[in-house]
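Presented below is the structure to which this report refers.
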């Protein structure tokens with residue numbers, strides 16, 4: 001399914017839903033640089049929200065057409081927005097993080113500015129050897145404004161985050177993998193294959209357990225250790241009564257592959 005219903009009239013991207021694979025792809029489609037427009041930010045958030053509400057979608061992939069993932073946002077458009085409007089742009093970029101399903105960003109070529117921030121809000125990032133990631137806002141007298149510096153600092157530490165943000169440095173794919181930003185770094189021609197393999201792997205788990213794990217990890221990230229442990233214990237206890245857990249235990253005992261239904 002492409003461009004139907006809630007996905008009509010999208011600016012600079014399209015949504016593809018493969019019901020047989022229980023997978024949805026959000027595809028940046030404004031080549032060659034896939035610049036993200038201001039209206040597109042709202043629409044991307046709406047697309048993620050619509051897919052989040054679709055129980056038939058088990059995994060979401062954010063990818064792009066052409067040589068580059070995205071060079072970032074429409075720079076002149078920032079001057080058409082008020083400070084108050086700019087201050088809340090991060091809410092749209094956080095849409096992948098809010099989704100119940102696991103979200104994979106498949107990154108090739110340039111991945112700068114808001115595109116990198118959007119990828120950082122995803123659960124997994126696969127990059128190519130030719131990819132370059134960065135937050136170049138210092139070059140125009142600005143700072144990242146959609147969660148990029150905050151997420152990076154938590155992900156890789158404040159020292160490395162300062163290296164990237166304050167120097168507007170372009171990080172090669174292999175280095176992004178070494179720093180823990182990317183799950184994997186693959187040859188350019190293997191990006192689709194690696195993304196498909198991860199999507200298929202994630203789809204094989206209990207959707208209920210996947211949603212619970214994602215929610216728990218996100219909520220516990222900023223919590224004190226004793227609070228995080230308590231949250232984990234409560235979530236663990238709730239899953240005890242799920243049909244998926246009962247199926248998992250039965251399949252383990254019977255030495256067969258489980259059939260999870262998300263219940």
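Which of the residues belonging to the range 44-73 are out of contact with any strand residue (DSSP E or B) (no Cβ under 7 Å at 6 or more places or on another chain) and farther than 26 Å from residue 19 by Cβ?
Once the filter is applied, which keeps residues that are out of contact with any strand residue (DSSP E or B) (no Cβ under 7 Å at 6 or more places or on another chain) and farther than 26 Å from residue 19 by Cβ, the range 44-73 yields 66, 67.
Please specify each residue of the range 109-143 satisfying the condition of being farther than 22 Å from residue 75 by Cβ and touching a strand residue (DSSP E or B) at 6+ places or on another chain (Cβ under 8 Å).
Of the range 109-143, the ones farther than 22 Å from residue 75 by Cβ are 122-130.
Selection gives 122, 123, 124, 125, 126, 127, 128, 129.
Picking from 114, 93, which residue would you name as being touching a residue at least 60 places away in the same chain (Cβ under 8 Å), assigned by TED's automatic domain parsing to the domain that holds residue 44 and either surrounded by 18 or more Cβ atoms within 10 Å (Cβ to Cβ) or touching a helix residue (DSSP H, G or I) at 6+ places or on another chain (Cβ under 6 Å) (or both)?
On the way: 93 fails: touching a residue at least 60 places away in the same chain (Cβ under 8 Å).
Exactly one residue qualifies, and that residue is 114.
List the helices (runs of 4 or more DSSP H) that sit entirely inside the range 164-249 and contain at least 3 residues that are buried (at least 16 other Cβ atoms within 10 Å of the Cβ) and in contact (Cβ under 8 Å) with a residue 40 or more places away in the chain. Walk me through it before giving the result.
On the way: elements: 173-178, 191-203, 207-220, 225-239.
Those helices (runs of 4 or more DSSP H) span 173-178, 191-203, 207-220.
Among the residues of the range 122-146, write down those that are within 13 Å of the chain's Cα centre (by Cα) and surrounded by fewer than 24 Cβ atoms within 10 Å (Cβ to Cβ).
Our first condition is that a residue be within 13 Å of the chain's Cα centre (by Cα); within the range 122-146, this holds for 122-127.
Of everything in the range 122-146, those that are within 13 Å of the chain's Cα centre (by Cα) and surrounded by fewer than 24 Cβ atoms within 10 Å (Cβ to Cβ) turn out to be 122, 123, 124.
Is it true that residue 170 is assigned by TED's automatic domain parsing to the domain that holds residue 24, farther than 19 Å from residue 104 by Cα, at pLDDT 95 or above and in contact with a strand residue (DSSP E or B) (Cβ under 7 Å, 6 or more places away or on another chain)? Don't jump to the end; show me each part of the working.
Details: assigned by TED's automatic domain parsing to the domain that holds residue 24: yes; farther than 19 Å from residue 104 by Cα: yes; at pLDDT 95 or above: yes; in contact with a strand residue (DSSP E or B) (Cβ under 7 Å, 6 or more places away or on another chain): yes.
Answer is yes for this residue.
Restricting attention to the range 29-77, which residues are surrounded by 16 or more Cβ atoms within 10 Å (Cβ to Cβ) and either over 19 Å from residue 95 (Cβ atoms) or not assigned by TED's automatic domain parsing to the domain that holds residue 121 (or both)?
Within the range 29-77, 33, 68, 71 meet the criteria.
The values are calculated or read from the model by the stated rules, or taken from the named source; none is laboratory data. Fair warning: this is a prediction, and the values are worked out from it, not measured in the lab. Every residue, glycine as well, gets a Cβ built from its backbone with ideal geometry; the counts of neighbours run over all protein chains shown.
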